[in-house]
1. Within the stretch 100-111, how many residues are in contact (Cβ under 8 Å) with a residue 40 or more places away in the chain and in a helix (DSSP H, G or I)?
2. Can you tell me which of Leu123, Leu68 is within 23 Å of Gly179 (Cβ to Cβ), surrounded by fewer than 21 Cβ atoms within 10 Å (Cβ to Cβ) and aliphatic (A, V, I, L, M)?
3. Exactly one of these conditions fails for Glu160: (1) assigned to a strand (DSSP E or B); (2) modelled with pLDDT under 85; (3) more than 17 Å from the chain's Cα centre (by Cα). Give me its number.
4. Can you tell me how many residues within the stretch 143-201 are surrounded by 15 or more Cβ atoms within 10 Å (Cβ to Cβ), within 27 Å of Arg111 (Cβ to Cβ) and of a type in the set (Asp, Glu)?
5. Scan (1) at pLDDT below 75; (2) more than 27 Å from Arg85 (Cβ to Cβ) for the single condition Thr146 breaks and write down its number.
6. Which of the following residues is in the same structural domain as Asp19 (by TED's automatic domain parsing), at pLDDT below 85 and closer than 21 Å to Asp213 by Cα: Leu77, Leu123, Leu105, Leu89?
7. Quick one: in the stretch 57-99, of everything that is touching a Gly at 6+ places or on another chain (Cβ under 6 Å) and in a strand (DSSP E or B), which residue is farthest from Ala42 (Cα to Cα)?
8. Can you tell me which residue is surrounded by the most Cβ atoms within 10 Å (Cβ to Cβ) among those in the stretch 78-111 that are hydrophobic (A, V, I, L, M, F, W, C) and over 21 Å from Ile201 (Cβ atoms)?
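The values are calculated or read from the model by the stated rules, or taken from the named source; none is laboratory data. Computed from a predicted structure; not experimentally measured. Positions of Cβ are backbone-derived with ideal geometry, glycine not excepted, and every protein chain shown enters the neighbour counts.
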Amino acid sequence: MSYNGCMSSQQWSVLIIGDIRVLSAGIESILNRSAITVERVAQASASLERVTRASYNLVILQLPLPDLDLGTFIKALRAPESASRAAGLLVTGKTSEHDFVSFFLGRGINRFVPTDAGGGEWLDALATLLAVPPRSSLRALVQLETIIRGSRSRSLAQTENLSETGMLIRGDSRHFQPGSTIDFELILPGEEMPIRGTAEIVRQTERSRENIDGFGARFVRLEGDGRRILESFLSRKNAS
């Protein structure tokens, strides 16, 4: 995913917590762009008031946390009164920390990246959590087709919001696990032709934080003129 153009029209705010020295020069150069404000705090306990009072787009947290329980930090970050409750949370640490972190993935933590991961994995995580085009609140019908217990199943659902890269879908998420793919047909209001394609499930919603049962999906492939139709539709909607 390219960063060009995604960040030029908006000021992005990133908070890095911990003594993180593993980011490559290329990633640091992205974080040092004028459109991104980067703040650094050495200890998690010292950041609690900051994340609840100031709004950040992305928080990068390094494990271990010698001065604070991880669950306590997540609870404070995602509290309804927290100014950064909607921020992306990327946690980094030793590969052995993954099993501990996995309980919180999709429950407050958006992504775990090992500290010794390559630059490509770091770039992908930053692109996913930071370089996201604006999403438009939109209720539209979407027909989903997926494989459940070895057989194909179809269901109708409703989108909650939509962007050029994906959609948030309201509905039962039990059969839609992160990492799985779905085929879909999206029916946009006022458009004669539905948009068909394939999407990857990237997360399930947190009802306590988002007040919605559902899941987020990233577009992998759009058939025919689907990309053009979607971009034109969103451009008109955002301009209205």
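1. 0
2. Just one listed residue meets the conditions, Leu123.
3. (3)
4. Final tally of qualifying residues: 4.
5. (1) is the only condition that Thr146 fails.
6. Leu105
7. Checking each candidate, the answer is Leu58.
8. If we take residues in the stretch 78-111 being hydrophobic (A, V, I, L, M, F, W, C) and over 21 Å from Ile201 (Cβ atoms), then Ala87 is surrounded by the most Cβ atoms within 10 Å (Cβ to Cβ).
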